[in-house]
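*Asks:* Pasting a structure below so you can have a look.
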Amino acid sequence: MSKRFVLRAAAIVAASTLVLAGAATSASAHVTVSSPDAKPGGYAKLVFRVPTESDDTSTTKLVVSLPKDRPFAHVGAQVKDGWKVEKKTEKLPTPVKVGDVTLSEAVTTVTWTATAAGIPPNDFDEFALSVGRLPEGVDSLTFPADQTYSDGEVVKWADGAEAERPAPTLKLAAATTPVAATTSSDPVDPVARWLGGVGLLVGLLGLAFGLAFGLRSRKAAQAGTADAGKAQS
């Protein structure tokens, strides 16, 4: 096995490992929304998962914006130790009918503010809402969110699904199917993502060593043929 081949195989494996690690980190760092029971026309629990993407600052505030074009008649916010919660109600541009109720105003933002340490560096916490009714005839609902850090930085999760900082988006399925939602077009569970990545890495390692073994076998066969030719002569 040549030294050049070994170095090339090692470089391939190292590069693949970095790509997989970067992809997993990117996916897990987003602020996301999910629901164990969301369905059109019903009531649902929305869970916002908030990671602190910092080594030395904490998350101290979360502001979640609710859709104004499809407002909720009911919004209940989770009460959490160490956090103050506030709901803001605004007058809607035009009245909206939700089920049997016509709303002229609705809750448009929910804010959790830390009264203690907040979410420590590299940790996460979850914040829940009870809302209803969910609108019918739509595939998803978007909840832009502002995340404030202890050093004053504000991260706005308000972009499209493929952007660096996508807004938390709840995917709605048929009324008979419970759903889970994510902020991206890829709803793969993080554990499954890591297992898939490990499998790919193992495959790359096998390919590299398989090529190395084949090269070594081919050289041995060529050497054997040359020795046989010398013996006959």
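The values are calculated or read from the model by the stated rules, or taken from the named source; none is laboratory data. Please read these numbers as outputs of a predicted model, since none were measured by experiment. Virtual Cβ from ideal backbone geometry, glycine too; neighbours counted across all protein chains shown.
*Asks:* Only residues in segment 105-127 that are closer than 17 Å to Ala77 by Cβ count as the first member; pair them with residues that are aliphatic (A, V, I, L, M) and part of a loop (DSSP other than H, G, I, E, B), Cβ under 9 angstrom, at least 6 apart or cross-chain, and list the lot.
*Replies:* Ala106/Leu66; Ala106/Ala73; Val107/Leu66; Thr108/Leu66; Thr109/Leu66; Val110/Leu66
*Asks:* Sticking with this structure for a sec: Are any residues in segment 54-71 touching a residue at least 60 places away in the same chain (Cβ under 8 Å) and either under 16 Å from Phe127 (Cβ atoms) or of a type in the set (D, E, K, R) (or both), and if so, which ones?
*Replies:* Residues satisfying the conditions are Asp55, Asp56, Ser58, Thr59, Thr60, Lys61, Leu62, Val63, Val64, Ser65, Leu66, Arg70.
*Asks:* The conditions are (1) in contact with an Asp or Glu (Cβ under 9 Å, 6 or more places away or on another chain); (2) modelled with pLDDT of 95 or more; (3) in a strand (DSSP E or B); (4) surrounded by 14 or more Cβ atoms within 10 Å (Cβ to Cβ), and Thr60 fails exactly one of them. Which is it?
*Replies:* Among (1) in contact with an Asp or Glu (Cβ under 9 Å, 6 or more places away or on another chain); (2) modelled with pLDDT of 95 or more; (3) in a strand (DSSP E or B); (4) surrounded by 14 or more Cβ atoms within 10 Å (Cβ to Cβ), the lone unmet condition for Thr60 is (1).
*Asks:* Continuing with the same structure: Please go through segment 92-102 and give me each residue that is under 14 Å from Asp69 (Cα atoms) and surrounded by 10 or more Cβ atoms within 10 Å (Cβ to Cβ), ordered by number. Talk me through it step by step, then tell me what you get.
*Replies:* Here is the first cut: in segment 92-102, the residues under 14 Å from Asp69 (Cα atoms) are 92-98, 102.
Answer for segment 92-102, where residues must be under 14 Å from Asp69 (Cα atoms) and surrounded by 10 or more Cβ atoms within 10 Å (Cβ to Cβ): Leu92, Pro95, Val96, Val98, Thr102.
*Asks:* Among Ser54, Ser34, which is within 21 Å of the chain's Cα centre (by Cα), more than 30 Å from Arg133 (Cα to Cα), modelled with pLDDT of 90 or more and among the small types (Gly, Ala, Ser)?
*Replies:* Ser54
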